[in-house]
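Participant: Have a look at this one before I ask anything.
The values are calculated or read from the model by the stated rules, or taken from the named source; none is laboratory data. Predicted, not measured: the structure shown is a model, and the values here were computed from it. Quick reminder, even Gly has a Cβ in these numbers, built from the backbone with ideal geometry, and neighbours come from all protein chains shown. Each accessible area value is taken on the protein alone, full model and side chains, heavy atoms only, with ligands, DNA and RNA left out. Shrake-Rupley method; radii C 1.70, N 1.55, O 1.52, S 1.80 Å.
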Amino acid sequence: MADQLIIFDTTLRDGEQSPGASMTRDEKLRIARQLERLKVDVIEAGFAASSNGDFECVQAIANVIKDSTVCSLARANDRDIGRAADALKGAARGRIHTFIATSPLHMEKKLRMTPDEVFEQARLAVRFARNQRDDVEFSAEDGYRSELGFLARVCEAVIKEGATTINIPDTVGYAIPELYGEFLRKLREMVPNSDQAVWSVHCHNDLGMAVANSLAGVKLGGARQIECTINGLGERAGNCSLEEIVMAVKTRRDYFGLDVGIDTAQIVPASRMVSQTTGFVVQPNKAVVGANAFAHASGIHQDGVLKARDTYEIMRAEDVGWSANKIVLGKLSGRNAFKQRLQELGVMLESEGEIMAAFAKFKELADRKSEIFDEDILALVGDESVTAEKEQYGLISLSQRSETGERPHAEVVFTIDGVEYKGSADGNGPVDASLNAIESHVKSGAELLLYSVNAITSGSTESQGEVTVRLQNSGRVVNGVGADPDIVVASAKAYLSALNKLHSKADRVAAQG
Ligand code: KIV
Ligand code: ZN
């Protein structure tokens with residue numbers, strides 16, 4: 001019988017550490033539900049001790065997710081572990097994931113601790129965590145750059161204290177596949193009680209090898225858990241990408257001989273949801289989930305695929321959920337059909353009021369756009385005016401005038417804490433004028449780092465434009481996303497959404513800080 005490979009998704013924790021990718025509680029809940037539909041084994045829901053907001057997110061996810069294990073990160077101290085345990089109280093299956101750095105560089109320069117102190121703190125942390133929960137994971141941060149003998153001593157001790165999973169991260173993405181796999185193999189050999197824990201890999205993508213390193217950790221090093229994120233979301237160059245790992249292990253089962261429990265048809269919907277929520281666009285040539293991943297452009301390839309699919313296709317597009325791109329609703333669809341589609345998409349609006357607001361938005365959109373796709377619905381419910389969260393800024397209306405040879409002018413009516421304001425300004429183009437109009441009143445002082453527009457569904461100029469705006473202020477970087485068939489309106493929505501994020505979350509402690 002083949003072994004099972006555990007898929008540990010950390011989109012909501014390590015993925016969210018990516019500058020600008022911070023998500024609201026409702027957004028995280030929606031993604032957690034999609035991860036459950038995807039059948040990931042473990043969902044790392046956040047870092048409960050890092051802020052009250054994160055605590056509430058972990059708690060909310062722990063209370064609703066039943067089929068996947070819900071996990072919270074915690075530094076190796078009693079306070080963090082206590083917060084994680086409290087947040088996980090309602091979980092059907094909960095895991096505490098505690099970590100401390102073990103590389104000479106991190107111990108000396110960051111922690112300012114001796115190896116003996118780190119050893120003792122790791123041991124006591126796992127002991128404390130095991131008093132709260134049966135399922136405890138220990139991570140040796142910067143594990144790959146640690147000294148093997150010391151790391152083996154720490155792993156042996158934490159397994160003795162009851163750690164059930166041992167994770168050896170390549171925190172800075174420095175590893176090379178063969179070397180990482182060998183490192184893990186040797187380490188496991190040096191740990192006398194290694195068979196009493198599941199070994200896990202967690203690779204960052206700084207040299208573009210996170211997926212290759214993780215697979216080498218499995219094949220050569222004997223790991224049976226991979227930590228990964230949807231679309232490879234994560235700090236710097238990101239984490240190991242879930243979709244690539246899963247499809248590699250499934251497509252090359254002849255080589256890996258491992259089973260994964262993932263429902264692969266949910267991969268593309270998950271990818272879209274994460275991309276639309278965070279504003280991190282998926283590159284068209286990205287493996288598995290990129291728009292071109294299954295598009296055959298050359299005549300020879302098209303001819304081959306028409307004659308026999310497997311001439312050029314090693315996976316089937318529908319197996320990873322590409323067929324989800326279908327017309328779902330139109331102008332005549334009723335409230336019940338809309339509600340049912342929301343349920344199928346895993347969108348749980350919390351009150352009747354929210355469903356009514358979303359339905360009104362849907363009708364408005366259907367008047368302007370004849371075919372409504374799943375992506376349109378997801379964009380629409382991501383709109384802050386239909387979610388329960390009380391947002392500071394909201395768009396009421398926008399008008400703009402642009403004519404060849406004239407400087408464009410815009411007037412934007414918006415609310416701040418429920419009070420209506422009107423801003424007007426000129427700009428280089430209608431988008432610039434609209435954002436200037438908002439700023440003429442708000443005076444946020446934020447720096448615009450990125451502005452991008454994408455068509456939500458391809459193939460027609462009738463598509464909604466999805467705009468991402470990245471703002472920076474006082475060291476905080478946030479992304480705002482807005483969608484509308486009118487890209488100037490989408491831009492204003494995205495700008496206000498970014499302002500909401502800039503002014504909402506309290507500062508949090510970074511896991512690798
Ligand atoms: O990259 C890393 O080392 C981590 C740990 C906190 C698990 O994310
Ligand atoms: Zn990490």
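Participant: Calculate the spin-label point distance for ILE314 paired with GLU462, positioning each point 7 Å from the Cα along the beta-carbon direction, and give it in nanometres.
Facilitator: 3.8
Participant: Determine which lysines satisfy two conditions relative to LYS286: a Cα distance under 30 Å, and not lying fewer than 8 residues away in the same chain.
Facilitator: Excluding near neighbours in sequence, the set is LYS28, LYS39, LYS219, LYS250, LYS307, LYS326, LYS369, LYS493, LYS501.
Participant: How big is the dipole moment of segment 1-110 about its Cα centre under a simple scheme where the beta carbon of each Lys and Arg is +1, that of each Asp and Glu is -1, and everything else is neutral? Debye, nearest 20, please.
Facilitator: The calculation lands at about 140 debye.
Participant: Report the charge-dipole magnitude of the chain in Debye, nearest 20, computed about the Cα centre from +1 at each Lys and Arg Cβ and -1 at each Asp and Glu Cβ.
Facilitator: Dipole size: approximately 560 debye.
Participant: Within the set of other residues whose C-beta is less than 12 Å from the C-beta of ARG236, count the net charge using Lys and Arg as +1 and Asp and Glu as -1.
Facilitator: Around ARG236, the surrounding residues sum to -3.
Participant: If the chain between VAL198 and GLU117 were fully stretched, how many nm would it gain, using 0.36 nm times the residue separation less the Cα-Cα distance?
Facilitator: Here the answer is 26.6 nm.
Participant: Tell me which of PHE362, ALA498, VAL211 sits at the most positive position along the dipole axis of the chain, charges placed on C-beta atoms (Lys, Arg +1; Asp, Glu -1).
Facilitator: Comparing the listed Cα positions along the dipole, VAL211 ranks first.
Participant: Just grab the label-to-label distance for LEU148 and ASP134, each label 7 Å out from Cα along the Cβ direction, in nm (one decimal).
Facilitator: So the label points at LEU148 and ASP134 sit 3.5 nm apart.
Participant: May I ask you to derive the relative contact order of segment 216-323, considering only C-alpha pairs under 8 Å and at least 6 residues apart, and to give it as an integer percent?
Facilitator: In percent, rounded to a whole number, it is 21.
Participant: Summing +1 for each Lys or Arg and -1 for each Asp or Glu, what net charge is found among the other residues whose Cβ lies under 10 Å from the Cβ of VAL201?
Facilitator: -1
Participant: Additional query: Of THR277, ILE267, VAL64, which is farthest towards the positive pole of segment 3-278's charge dipole, taken about the Cα centre with +1 and -1 on the beta-carbons of Lys, Arg and Asp, Glu respectively?
Facilitator: VAL64
Participant: With the alpha-carbon atoms as the only input, what is the per residue convex hull volume for segment 27-96 in Å³?
Facilitator: 64
Participant: Between LEU332 and GLU411, what is the label-point separation in nm under the 7 Å Cα-to-beta-carbon projection?
Facilitator: 4.0
Participant: OK, next. From the Cα gyration tensor of segment 335-383, with a ≥ b ≥ c the square roots of its eigenvalues, which class applies: rounded if a/c is under 1.5, or else prolate if a/b is larger than b/c, or else oblate?
Facilitator: Prolate, since a/c reaches 1.5 and a/b exceeds b/c.
Participant: If you don't mind, there's one more thing I want to ask. Given segment 364-491, what whole percent of its Cα pairs are spread farther than 27 Å?
Facilitator: That fraction is 19 percent.
Participant: Another question, then. Could you check what % of the DSSP bridge pairs in the chain are antiparallel, to the nearest 5?
Facilitator: 50
Participant: What number, in percent, do you get for the relative contact order of the chain if the mean sequence gap of Cα pairs under 8 Å and at least 6 apart is divided by its residue count?
Facilitator: 11
Participant: Please get the size of the charge dipole for segment 385-503, origin at its Cα centre, with Cβ charges of +1 on Lys and Arg and -1 on Asp and Glu, quoted in debye to the nearest 20.
Facilitator: Here segment 385-503 has a charge dipole of around 340 debye.
Participant: Here's another thing I want to ask about it. Between LYS422 and ASP263, what is 0.36 nm times their sequence separation minus the Cα-Cα distance? Round to one decimal in nm.
Facilitator: Separation in residues times 0.36 nm, less the Cα-Cα distance, equals 52.4 nm.
Participant: Also, I was wondering about something else. Under the definition of Cα pairs under 8 Å and six or more residues apart, what whole-number percent is the relative contact order of segment 3-278?
Facilitator: Rounded, it is 21 percent for segment 3-278.
Participant: Please report, largest first and rounded to whole Å, the three semi-axes of the ellipsoid equivalent to segment 3-278, where each semi-axis is the square root of five times an eigenvalue of the C-alpha gyration tensor.
Facilitator: Square roots of five times the eigenvalues give 26, 23, 17 Å.
Participant: Keeping every protein chain present and rolling a 1.4 Å probe, give me the accessible area per residue for segment 3-278 in Å².
Facilitator: Normalised by residue count, the accessible surface of segment 3-278 is 34 Å².
Participant: Quick one: check the C-alpha center-to-center distance for segment 139-175 versus segment 1-64, whole angstrom.
Facilitator: 23
Participant: Ignoring ligands, DNA and RNA, what percent of the accessible area of the chain is carbon or sulfur (1.4 Å)?
Facilitator: 50
Participant: Once amide H atoms are built 1.01 Å from N in the peptide plane, which residues 5 or more positions from ASP259, or in another chain, come under 5 Å H to H?
Facilitator: Residues meeting the amide H criterion: ASP3, GLN4, LEU5.
Participant: On average, how much accessible surface per residue is there in segment 335-383, in Å², for a 1.4 Å probe, leaving out ligands, DNA and RNA?
Facilitator: Ligands and nucleic acids excluded, the result is 44 Å² per residue.
Participant: Here's another thing I want to ask about it. Give me the number: length gained by fully extending ARG79 to LEU448, i.e. 0.36 nm times residue separation minus the C-alpha to C-alpha distance, one decimal in nm.
Facilitator: Fully extending the segment from ARG79 to LEU448 adds 129.1 nm.
Participant: Based on DSSP H runs of at least 4 residues, each adding -39500 (n - 2.57), what is the mean residue ellipticity at 222 nm of the chain after dividing by all its residues, to the nearest 500 deg cm²/dmol?
Facilitator: -11500 deg cm²/dmol
Participant: Using the Karplus curve 6.51 cos²θ - 1.76 cosθ + 1.60 with θ = phi - 60°, work out ³J(HN,Hα) for each residue of segment 170-181 in order, rounded to whole Hz, and write x for Gly and Pro.
Facilitator: 9, 4, 10, x, 9, 6, 10, x, 4, 5, 5, x
Participant: Could you give me the percent of Cα pairs per 20 Å distance bin for the chain, shortest bin first, beginning at zero and ending with the bin that holds the maximum distance?
Facilitator: That works out to 22, 52, 24, 2, in percent per bin.
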